[in-house]
Structure formats: C-alpha cells, structure tokens
Amino acid sequence: MTDKTFQHFIDGAFVGSREGRAFEKRRPIDNAVVGVVHEGGGAEVDAAVEAASVALKGPWGRMTVETRADLLHRIGSEITRRFDDFVTAEMVDTGQPKSMIEHAFIPRGAANFNIFADAVKNVATESFVTPTPDGAGALNYALRVPKGVIGVICPWNAPLLLMTWKVAPALACGNTVVVKPSEETPGTATLLGEVMNAVGIPKGVYNVVLGRGPESAGEYLTRHPKVAAITFTGETQTGSAIMQAAAAGIRDVSFELGGKNPAVVFADCDLDAAIEGISRATFLNCGQICLGTERIYVQRPIFERFVSALKAKAEALKPGYPHDKGTSLGPLISQEHRNKVLSYYRRAKAEGATIVTGGGVPEMPGELAHGSWVQPTIWIGLAETASVVREEIFGPCCHIAPFDEEEVAIAMANDTEYGLSTTIWTRDLARAHRVAAQIEVGISWVNSWFLRDLRTPFGGSKRSGIGREGGVHSLDFYTELRNVCVKL
Ligand code: NAD
Ligand code: 6OD
C-alpha cells in the first residue's frame, strides 16, 4: 500500500526531486510501505538555501520583533487546530502509542513556538558607559541580529518536538531555516510547511529538504557555504561528521547528541515514585529518548525490591496498534534499528548478564508480526565494563547494579564518555543537591524525569553535545551580538 508522497517544501511550495530520486517509507508497526519520500541532493539543497537567503532580505528581514512573535503564536495555534493531523502523521512515522504522542509530543510542537515568541520580545542586551579622555564618555550597546540561514538536522525519535525546539527560536530571532528531517520521519516536518503557508509566513523562511545523511540532503546541507550555522540532534558519531563539514566554513554548531544516562536510587527514596519515574525513563517511546535511562544504580537495601518492581512494570507494558487505548509500548523505528538493539540483547547474554525479563522479540498477531518490536528488557549482574553498560543502545532496556556508598554511585554514574542527563531518587534534599552537583551531565532531575521548563539550559556534557539551547541560550545561539560604540 503506497498512499502518500512526501515532497520537499522549498520557497513556500511542495516540490519533487529534480532527478526523481525517492525511497520508500515503511511504517514500524508492520514494516508495510506507506509512502514514497523524495530524496534531495545538491540541487534541492541549493534551491532551498537560495530561497532562505532571499527571504532574509524580503519582508521577513524587515519585520518587527512584535510582528514576528505574533506570527509564531499563530503557528502554535495552527498546530493546535490541526492537532489530529499531526498526531496521525507522527503515529504513522514512529508507531508510538497515540496517548503518548497526544500528551507528550505534539503539544510541545505548539509550545515551542509560543514560548520563543514570548522570549524574544523580552530579552535584553548589555550596555556599558566607557570613560574617554575628554570626559564625555562613550555608550556601548549590543544589538541582536539574526545569523542568517540556519541548517536544522533532526533525528526520528520525537520528530515534531525536536524539530520545532530548533526552528521556533531560529525564526523568533529572524533567521530563515532549511530543515532536514530524518529519512524515517518525513511526516510532521512537511505538514508544518502547510501550517507556515496557512498563517502567512513569507515564502522561503521555512524550507524542508527530505533525504538521508551521507552523500544526500543532510551532508549537502551541512557543507553548503551559505548556511551560517548548523543545529543538530542525533548520534554522537554523526555530530563528529557534521563538525568536520562545519569546520570548512568556520560555521557555528549546536549539538544535542547521544547519552548513556544513569539513574541513582537511594534507599530512603519514595520507592513507588522511583519505580514509576524510572520505568517511564527506561521504556517511554520504546526507550528511544535521548534522556532515557539505560544504567540504574540502586542502593543495596532496596535492590531486590526495586528489580522486581521494575520487572513488573516492564511485563505490564502492552505492545499493539498505536490508536488502541490499551497500547502502552510502540515498536522501534525500523528493522535496521531493531537489528542493532537485538545485537545488544545477544551481547548481554554473551557477556554473562542475568536476564530479569525480556531479551527477545514479543509474539505479535497478524500483520504486526512483521513490525520492529522488541521486548522490554532488564539485565543484572554485569561488570561496568560490559558493552551494554557502556554503549548507547537506544532501546527499551537497562542494566541495574547495586551500590553501598554515595561516592561509589557518583563514580559509577560518571564512568562514561557521555553526559546528557541523570535522575536521582532520595528524600534527603541535602544529598540530592550534593549528588546533582557532582554528576557530570547537562541535566539532573531529582525525584522526577523529563520535567521540562523551556526557559532552562538544555544540552549535554562530554560527548553528549556542544552548547545549550532553551530560553535565552537558544536566543544566544540563533543571534549574533553586534556591539555599537557611540562617542558622546
Ligand atoms: P542520526 O545521527 O543517525 O541521524 C540524525 C540526522 O542526521 C538524520 O536526519 C540523518 O539523516 C542525519 N545525518 C546522518 N548522517 C549525516 C551526515 N553525515 N551529515 C549530515 N546529516 C547526517 O541519529 P538518529 O538515529 O536519527 O537518532 C538517534 C540518536 O539521536 C541517538 O543517539 C540519540 O541519543 C540522539 N538524540 C539526542 C538528543 C539530545 O537531545 N541529546 C535528542 C534526540 C536524539
Ligand atoms: O525537551 C526537549 O527540549 C528535548 N530537546 C528533548 C529531547 C528528547 C530526546 O529524545
């Protein structure tokens, strides 16, 4: 069944690839072909970057901040008005449960535009009065100016949320964008093109070129000399390739990359709350959340209770059709990703793990038997050197290890090349502050997980990223500060 053609959105219009290059879009629930995705190359990227460059000099470039902010609010409202279309597009692309997409992902698409529309109107710049020999002084003040054309490269795991997290502040600051969504998830990025036209965003401000990464739209976009800055979310290795491309033009980058996030659970915690929070952190979105937990350290007195309670949570998850009310677990994004996750399931066994639950593929009925399903999986008993404890798997799985002393838990949590997020569970507030300050990550949650305030700095340490986005940090990345010095 091939019922949809996904085209690029360039200069306000949907267009196909010039050379007719395209690939099939398969849905993860049953691996059925549900559409054809046009694949962009050099010609499409050139056209999109040209449209975005021209738009900078048109009405968009002359618009006041207030008018721009008003337009951004209208984008937020239009996403909300077309809520069901966005939910459906994301459900087809990712196969995740409708209830989760409705509650966690699509509302964030609208919220991203609303929050940055407000933020950009309220951001101040610095000014200094400088003494001069004649005593009259000089006044320095800084202007925020857009950087230009921003290249936005996105992953597949929360397509609308992650794309708009970058597009909204970029537009709020007066830039234009060329977006390259993941080859796996073309749906919501193209739908957003319709929204842009509906609310009157000038043509060329928002462009989408579909395609893959290497030797395809992604690589051409990152190498394009007229792209002023690149914002990327995805794998650390891909970040490294993009950084090399950006180096050629000395372009700025903002990177949100991989993670191998630890949870630290102290014996004095509210155990029910910890189980609830960590089961979301490990299994939500079938474990395909960069902030998710794949390593859990539990203080010895509650270790057995914790393991059996998390096992019960894992075994209660119900895989199935996304729109079924009882479904609480979706598939992985693709057969390729499933092969990767299952290779870690085999490796865990070979490395000597005790499998608490899962470790394989669930039996699915009918057409679902062809989908990218895996069982939620918990291991114990591995050394900290085991590959499944060290490498990002990006699936619904975790290793749980006991600890005795706080310092040991901190050391184990920090023994990784990544540094994105952690979740700490304790009733002792002094300990919570102490531990949070010592774990080497961009984001620490205490007695919670994925609780977001969009004004706060978001990003990773070590190999989990470069820079911070969120609130004023996004505005800093998407603008250039230009100092004006006036002799008085
Ligand atoms: P990926 O790096 O494979 O792909 C991301 C995007 O980059 C895709 O659009 C892809 O086509 C493009 N791409 C690939 N190679 C490229 C190249 N050489 N040049 C330009 N573009 C290229 O990542 P993924 O598999 O889509 O997503 C999963 C990864 O993303 C995981 O590692 C996860 O941790 C990470 N992630 C991080 C965050 C965060 O906030 N830190 C958020 C979500 C996902
Ligand atoms: O909440 C966010 O702003 C954000 N960037 C979340 C990332 C989720 C990763 O899968």
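The values are calculated or read from the model by the stated rules, or taken from the named source; none is laboratory data. Note that the structure is predicted; figures quoted are calculated from it, not measured. No Cβ is skipped: glycine too gets one built from the backbone with ideal geometry, and neighbour counts run over all protein chains shown. When the accessible area is computed, the model is the full protein with side chains, heavy atoms only, and any ligands, DNA or RNA have been set aside. Shrake-Rupley method; radii C 1.70, N 1.55, O 1.52, S 1.80 Å.
General remarks:
- Cut-off 16 Å (backbone N to label point 7 Å along Cα→Cβ of Ser328), residues of the range 357-374: 358
- Every pair of different Cα atoms in the range 172-268 enters the Kirkwood calculation, which places the hydrodynamic radius at 15.3 Å.
- Integer Hz, Karplus 6.51/-1.76/1.60 couplings in order for the range 152-158, x for Gly and Pro: 10, 10, 10, x, 9, 7, 8
- Centroid-to-centroid separation of the range 101-152 and the range 34-56 [C-alpha atoms, Å]: 28 Å
- Backbone phi angles across the range 435-441, fed through the Karplus curve with coefficients 6.51, -1.76 and 1.60 (θ = phi - 60°), yield HN-Hα couplings of 5, 4, 5, 9, 7, 7, 9 Hz in residue order; Gly and Pro are listed as x.
- Taking the protein heavy atoms of the range 1-123 in the context of the full set of protein chains, the accessible area attributed to carbon and sulfur is 50 percent at 1.4 Å.
- Calculated mean residue ellipticity at 222 nm for the chain: -11500 deg cm²/dmol, from DSSP H runs with n ≥ 4 weighted as -39500 (n - 2.57), summed, divided by the residue count and rounded to 500.
- Compactness of the range 58-124 is given as radius of gyration and Dmax, 14.5, 43 Å, from Cα positions.
- For the range 277-393, Kirkwood radius (reciprocal of mean inverse C-alpha pair distance, Å): 14.9 Å
- The fraction of accessible area contributed by carbon and sulfur in the range 358-488 is 53 percent, rounded to a whole number (1.4 Å probe; ligands and nucleic acids excluded).
- Kirkwood hydrodynamic radius (C-alpha pairs) into Stokes-Einstein, the range 1-138, 10 °C and 1.306 mPa s, D in µm²/s: 84 µm²/s
- Mean sequence separation of contacting Cα pairs (under 8 Å, at least six apart), scaled by the length of the chain, corresponds to a relative contact order of 19 percent.
- Highest average packing first - 132-139, 340-347, 311-318, Cβ atoms within 10 Å: 340-347, 311-318, 132-139
- Under Karplus coefficients 6.51, -1.76 and 1.60, residue-wise ³J(HN,Hα) of the range 125-138 in Hz, glycine/proline x: 10, 7, 8, 9, 9, 9, x, 10, x, 7, x, 7, x, 9
- The residues of the range 117-223 expose on average 32 square angstrom of accessible surface per residue, using a 1.4 Å probe on protein heavy atoms.
- Per residue value of the accessible surface for the range 308-359 (all protein chains in place, 1.4 Å probe), Å²: 51 Å²
- Alpha-carbon centroid distance for the pair the range 264-330 / the range 351-386, whole angstrom: 14 Å
- Built amide H within the under 5 Å cut-off of Val34, gap 5+: Lys25, Arg26, Arg27
- Expressed to the nearest 5 percent, the antiparallel share of DSSP beta bridges inside the chain is 40 percent.
- Based on alpha carbons, the Rg and Dmax found for the range 102-231 are 18.5, 64 Å.
- Kirkwood hydrodynamic radius of the chain, Cα pairs, Å: 23.5 Å
- Within a straight-line Cα-Cα reach of under 17 Å, Lys318 can be paired with the following lysines, leaving aside sequence neighbours fewer than 8 residues apart in one chain: Lys98.
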